[in-house]
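Each remark here refers to the structure printed beneath this line.
Every number here is computed from the coordinates shown, using simple stated rules; none is lab data. Please read these numbers as outputs of a predicted model, since none were measured by experiment. Neighbour counts are summed over all protein chains in view; Cβ atoms, including those assigned to glycine, are modelled from backbone coordinates with ideal geometry.
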Amino acid sequence: MFNPKFNITNKLLSNIKEIGSVITELNNRRFSNLVLVEMERRAREVSSYASTSIEGNPLPLTDVKRLIKTDPKNVRDSEKEVLNYNNTLKKINKDLKNDNIHFSLDLILEIHKGVINGLLPDYDIGKIRKRPVFVNNPALRKMVYLPPNHSDVPNLINELVTFVKSKNSEIDPIILAGIFHKQLALIHPFIDGNGRTTRLLTKILLAEMGLNTFNLFSFENYYNKNVTKYFQFVGELGNYYEISKNVDFTNWLEYFTDGIIDELLRVKKILSIQIDPKNVIYSYDQKILDFIEKNGFIKNSDYAKLIKRSKAMRVLDLDRLIKMGLIVRRAKGKATYYILKEKA
């Protein structure tokens, strides 16, 4: 039975308290739906870039953003990795909002299928590996870690799932998610896509446990800032069977919570900008945005019918939304219309 070793150090306890404080503050704030949708879209872009970059994907963030926006059909494997991650994360966010996602072995396989779709033979997609794998260090040109035998993987994953489900009322959800993250990485249940699958499942665990800020959040970004450090903390050296009983999760949990704090503070800083009076979304602003969302665009004449404001004020309203980066102007003169920036 899986029984991880870890200590609640002063640093870990302090990190957990800070995470709880920031999350409570963020969850108690109220922002326009458009702002939240935009934040979620940006988080998906960063997550899709960072999580695939960790695994060696060469695409820069600018290319990732363009790729997600255009969603082309004929793509290289490096592009498909990004699109798979983005589409899987988009589905996860939707299912979480609808309370239509529950932690299980089937979910683990489903997430892997989404991440690796079209990148491996069908018999390896969304299925536990049926052959040995090993982890190499490219710099040293040698094997540094030997995961458990494929025949033992199903039982090890079931033990991990059982542990998470049985301990969700005993162990802090941040710690539980961190333990899951490292242990699944050590089990290495798939031929490929282990890291991407693990990071998405960790997001699900955090959100499912009530930390509902995580659709605006990309802790993958923290790991990608120093990939070597991430692998040092999340991985182990040697043979799984020789080291598994002595693995101490404490250092990893401190690093894991450091990453969550780093990203939460970034999100908090971005969202705080919305409190600036220059960036407040007023009721008439929301009517403009809702109209564009429904109809695809808005003209000055449309806005005049929506609300009783002078022509001069209507012009200022539209100009302010442009400066806020929410809409863009198209055409000139009487043909002028406005669309959402994200669809420009």
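If the label point is 7 Å along Cα→Cβ of Glu170, which residues in the range 222-256 have backbone nitrogen under 18 Å from it?
Output list for this probe position: 249-250.
Among Thr24, Ile281, Leu107, whose Cα sits farthest toward the positive end of the charge dipole of the chain (+1 at Cβ of Lys/Arg, -1 at Cβ of Asp/Glu, about the Cα centre)?
So the residue we want is Ile281.
Against the longest principal axis of the chain, how steep is helix 283-295, in degrees 0 to 90 to the nearest 10, with axes from Cα atoms?
70 degrees
Compute the length gained on full extension between Met143 and Glu242: take 0.36 nm times their separation in residues and subtract their Cα-Cα distance, giving the result in nm to one decimal. Before the final figure, lay out the partial values.
Details: separation 99, 0.36 × 99 = 35.64 nm, distance 1.53 nm.
Value of the extension gain: 34.1 nm.
Angle between the Cα long axis of helix 10-28 and the longest principal axis of the chain, 0 to 90 degrees, nearest 10?
Approximately 30 degrees, to the nearest 10.
Roughly speaking, what is the stretch gain from Leu13 to Lys294, that is 0.36 nm per residue apart minus the C-alpha to C-alpha distance, in nm to one decimal?
Numbers: separation 281, 0.36 × 281 = 101.16 nm, distance 4.66 nm.
Taking Leu13 through Lys294 to full extension adds about 96.5 nm, to one decimal.
Assuming R0 = 41 Å, can you tell me the calculated FRET efficiency for the pair Ser151 and Val37, based on Cβ-Cβ distance, to the nearest 0.05?
The value I calculate is 0.35.
Of the DSSP beta bridges with both residues in the chain, give the percent that are antiparallel, rounding to the nearest 5.
Values: 9 of 12 bridges.
Bridges in the chain are about 75 percent antiparallel.
Just report the Cα centroid separation between the range 181-248 and the range 1-25, whole Å.
The distance from the Cα centre of the range 181-248 to that of the range 1-25 comes to 16 Å.
Exposed loop sites here are GluC sites (Glu not before Pro) in DSSP loop states with at most 16 other C-beta atoms within 10 Å. What is the longest stretch of the chain lacking them? Spell out each step's value before the answer.
Values: sites that count: Glu55, Glu170.
It runs 171-344.
As I understand it, the value is the acute angle between the Cα axis of helix 250-272 and the longest principal axis of the Cα atoms of the chain; what does it come to in degrees, rounded to 10?
0 degrees
Between Ser310 and Tyr123, with labels modelled 7 Å along Cα→Cβ, what's the label distance in nm to one decimal, could you check?
7.6 nm
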